[in-house]
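Here the structure comes first, spelled out in structure tokens, and everything after it is commentary.
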């Protein structure tokens with residue numbers, strides 16, 4: 001009887017020991033913070049360079065001045081003064097602001113960044129330059145406006161209150177402009193959508209309309225509510 005009891009106890013202990021061993025070999029549980037970090041959802045702004053910095057620990061705000069360089073994701077941001085709120089994950093970049101991201105460069109006097117939303121708000125003599133690769137080389141879109149919003153994650157951009165765009169031989173003036181990069185998943189082509197009073201000029205044509213869409217890859221223009229259209233015809 002004692003042998004049977006000992007055998008039963010020994011069998012139970014062996015089963016428990018095996019179960020503990022298997023559990024110990026399993027991967028540890030990953031908490032939500034670790035998952036966000038692994039998936040790249042956690043965001044940070046790295047202050048790479050500045051002449052001086054003042055940090056308010058109570059309000060979690062720092063002010064950096066002089067030759068400021070900050071890195072946020074793929075964006076490199078330069079300015080002369082930066083005020084950053086660590087609680088809200090927002091920053092105000094002032095004076096000689098330059099943002100470089102891949103083949104896009106944006107210059108302005110002020111840039112307000114909402115890094116939770118991946119949005120940059122530019123004000124004051126804004127100039128966006130975007131280099132495009134093409135079969136026969138490269139071309140550059142030059143976009144000038146008093147203000148511009150740039151979505152860093154998608155690289156969409158839009159301006160209201162007047163905008164001028166120059167690309168190759170085309171000059172565009174419009175009240176509003178929206179840039180959409182190519183979306184391979186949906187099949188949407190790269191384009192600029194224009195709204196309000198719009199004037200598109202080239203060497204051999206000029207179109208005035210209430211809105212238009214310019215498809216960059218095919219260089220096709222679709223205008224709406226055309227007010228006037230002029231095409232120069234060369235005599236043979």
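Computed from the coordinates by the stated procedures, all read-outs in this text should not be read as laboratory data. Values in this document were obtained by computation on a predicted structure and should not be read as measured data. Virtual Cβ from ideal backbone geometry, glycine too; neighbours counted across all protein chains shown.
Observations
- Relative to the compact-globule estimate of 2.2 N^0.38 Å, the Cα radius of gyration of segment 73-146 comes out at 1.20.
- The alpha carbon radius of gyration of segment 136-217, expressed as a multiple of 2.2 N^0.38 Å, is 1.08.
- The ranking of 159, 201 from fewest to most other beta carbons within 10 Å of each one's beta carbon is 201, 159.
- Taking other Cβ atoms within 10 Å as a rough exposure proxy, 231, 150 sort from fewest to most as 231, 150.
- Rounded if a/c under 1.5, otherwise prolate or oblate - segment 99-236, Cα gyration tensor axes: prolate
- Proxy reagent accessibility, fewest Cβ within 10 Å first, across 93, 115, 84: 115, 84, 93
- Two-site FRET efficiency, residue 206 against residue 139, from Cβ-Cβ distance with R₀ of 22 Å, rounded to 0.05: 0.60
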